[in-house]
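Input: a single structure, listed below in structure tokens.
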Amino acid sequence: MRSRGLVGDMEELLYGFSVVLTLENFSYCLLGVLLGNLVGVLPGIGAVAAVSMLLPITYYLEPTSAVILLGGVYYGAEYGSSTAAILLNLPGSSSSAVTCLDGYQMCKQGRAGVALCITALASFVGGTLAIFLLMFLTPVMIKFAFSFTSAEYFAAILLALIAVGSITRGSPLKGIAMVGIGVLVGTIGLDIISGTSRFNFGIVQLYDGINVVAMAMGLFGVAEVIASIRATAGNSFVTKVTLRSLIPTGEDIRRSMMPTLRGFVIGGATGPVPGIGPTIASFASYATEKRIAKDPSRFGNGAIEGVAGPESANNAAAQAAFIPMLSLGIPGTPTTALILSALIVSGIDPGPRMMTEHPDIFWGVVASFWVGNILLLILNIPMVGLWVNILRIPYRLLYPLIISFVCIGVYSVNYSTFDVWLVLVIGAVGYVMRQFDFEPAPLLIGYILGPLLEVNFRRAMITSYGDFFAMFQRPISGTLLAVAAILLVVTLYSNFRRHKLPEKMQA
Amino acid sequence: MIAVGLAFLIGSYDLDFGSPEQMGPGFFPVLAGGIVVLTGLGILLSALGTADIPFQKMEWRPMIAIIVSLAVFTICLRYFGLIPAVMGCIITSALGDRTSRLYGVIILAVVGSVGSWLIFSVGLGLTLYAFKGTGG
């Protein structure tokens, strides 16, 4: 391997820009952030649903374009979701739930414009700083990952799954149960090693397993729409956002500066950890800001720090979530898991070799993040009026269209009506689960990572001649397994000790 | 109580699932199945311990409307083609919201179906027929 210093990285980055700034990839980037911003703004449809809707289309694209497009949707949604939170007190996605607290108060005080502007700026700063982190940390992780054998992969994936299960909003026990069910659903279909078909219940269409798109659309598209129909009925607002009202005062900017930087630190530190997505990063940032504030009572009454910090944190976390995915091939959030599956479908083996074998993907994607963040800044400050107007469209006109697109999207993957029936079943089950506080995200991640877990487990078993304890003797896999075990024990312990219901959050 | 029922459901569902076929391909699912059964029991136990049920009210109307609309789409697509399928899907799913108005829904159905035909069939070149003879 070449030694890489700062200069080398810059050269690579320039190469990345040459990949993105072709007309084709630039258009995908623009399309991605536009769509992402749009679904982010609209309550009741999130990045996961949007990415899964686009998955069938990306099968026809170059892998680089596919990741640029899907990635754009992912972080674009983080920008957009705060708009609805500020104007409607209704988060466009869960990572902006905390922005409602002070953002909506600012809106009520007639400072909606300032809140929107600061949000966009904080998102930009958090996001772009996190790209630096991505650029410098991923190569380090990759070097580390080259020493990985299947035992280490098994341990790392297991740790990721346990983390995803334990760190949910609801009960960690339910989270782990969801991961387990996801893994089980993932075993449906062909067994990769022996080639036998499993759990197909005699249904021919299940021989290849359950389609990722059907799974994600059912859990996140259909179930989310059902849950949102009632929640969004009769929302309206009268706020006018003029360009002039966007301009923050010097005081606003000064107050937002440090929270934004701290938000980046929190988001950058939590983003790469599986299970801690943008949502938790934003909550952590809000809690931090409130704790260190001189006057905590201002929070909840339109404190600008409570908008800047979390928005910076969730964007930083969204970008940083790409680190484990691009270096190890292990995603930590549902959206990056879907992007990973898009890569697998296009024949790319996501993992440490990807950066050397397909530098165009890695550096192209990194450069596209820069381009995308700049586009989003333009989309969200001078063009914010557009999004405000889109929010005026009532949900009753939108959701039938969303459902139709879901249907067409799922059908077009294999031209199979069976997949649409699957979405129907998964959507119904997903909605019922949601109402019982079972989170869908761990299920989806379990489903995507399950087969990887199994393959690596069985390979590791083969190389160690069936000796389970060999895994604990290797230093890296041993450590990872130990961490996983500790996490599991701590989670279960606190779960049984608390025995109290998790704080009811407004969904 | 309902949570308890669900926990049972998960438990038994996965017990069923976890039954092995052969040692080779069946080994891993049994392991995972066992873990799910255990956590299912755990949820059951902690649900027994609390009187409160983490249960949000089910919204039957939207749920049924959406599910039926998916079914309508599939059936119509098979026998009549894309445009009727999208129209049917939009109309049935719109029934899920009580505030939907007739004219709005009809306009939406027409615009949505023609629009999706233009985007997916013409624009993206997917093989979807706008209209189709029965049995095609």
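Throughout, read-outs are computed from the coordinates displayed, never taken from laboratory work. Just so it is clear, the model here is predicted, and its values are computed rather than measured. So basically every Cβ, Gly included, is an ideal-geometry build from the backbone, and we count neighbours across all protein chains shown.
Give me the three principal axis extents of the stretch B:60-123 from the C-alpha atoms, as integers in angstrom, largest value leading.
Its Cα atoms span 35, 23, 16 Å along the three principal axes.
First check a/c for chain A, with a ≥ b ≥ c the square roots of the eigenvalues of its C-alpha gyration tensor; if it is under 1.5, answer rounded, and if not, answer prolate when a/b is larger than b/c or oblate otherwise.
Taking the square roots of the gyration eigenvalues as a ≥ b ≥ c, chain A is rounded.
For A:V140 and B:I106, what is the calculated FRET efficiency with R₀ set at 60 Å and r taken between the beta-carbons, to the nearest 0.05?
For R0 = 60 Å, the calculated efficiency reads 0.55.
With +1 on each Lys and Arg Cβ and -1 on each Asp and Glu Cβ, how big is the dipole of chain A about its Cα centre, in debye rounded to the nearest 20?
So the magnitude is around 1420 debye.
If Lys and Arg each add +1 and Asp and Glu each add -1, what is the summed charge of the other residues whose beta carbon sits under 12 Å from the beta carbon of A:L121?
For residues surrounding A:L121, the net value is -2.
Please compute the contact order of chain A in relative form: average sequence separation of alpha-carbon pairs under 8 Å and at least six residues apart, divided by the residue count, as a percent.
The normalised contact order for chain A reaches 28 percent.
What average number of partner chain Cβ atoms lie no more than 10 Å from the Cβ of the residues making up B:65-77?
Average neighbour count from other chains, rounded to a whole number: 6.
Would you please classify the overall shape of the stretch A:316-421 from the alpha carbon gyration tensor, given that a ≥ b ≥ c denote the square roots of the eigenvalues, rounded means a/c under 1.5, and beyond that prolate means a/b larger than b/c while oblate covers the rest?
It is oblate, given that a/c is not under 1.5 and a/b is not larger than b/c.
From Cα pairs below 8 angstrom and at least 6 apart in sequence, can you work out the relative contact order of the stretch A:308-453, rounded to a whole percent?
21 percent
Ranked highest first by average number of other Cβ atoms within 10 Å, how do A:75-81, A:215-221 line up?
Going from most to least packed, we get A:75-81, A:215-221.
First measure r as the distance between the Cβ atoms of A:Q109 and A:V489, then evaluate 1/(1 + (r/R0)^6) with R0 = 51 Å and state the FRET efficiency to the nearest 0.05.
For R0 = 51 Å, the calculated efficiency reads 0.60.
Helix A:250-270 against the longest principal axis of chain A: what's the angle in degrees, Cα atoms only, rounded to the nearest 10?
10 degrees
Between A:T479 and A:S18, 0.36 nm times their residue separation minus their Cα-Cα distance comes to what?
Extending this stretch completely gives an extra 161.9 nm.
In the structure displayed, which of A:K143/A:K174; A:K108/A:K290; A:K108/A:K294 lie more than 32 Å apart, Cα to Cα?
A:K143/A:K174
Express in nm, to one decimal, how much length is gained between A:N301 and A:I253 on full extension, taking 0.36 nm for each residue of separation and deducting their alpha carbon distance.
15.5 nm
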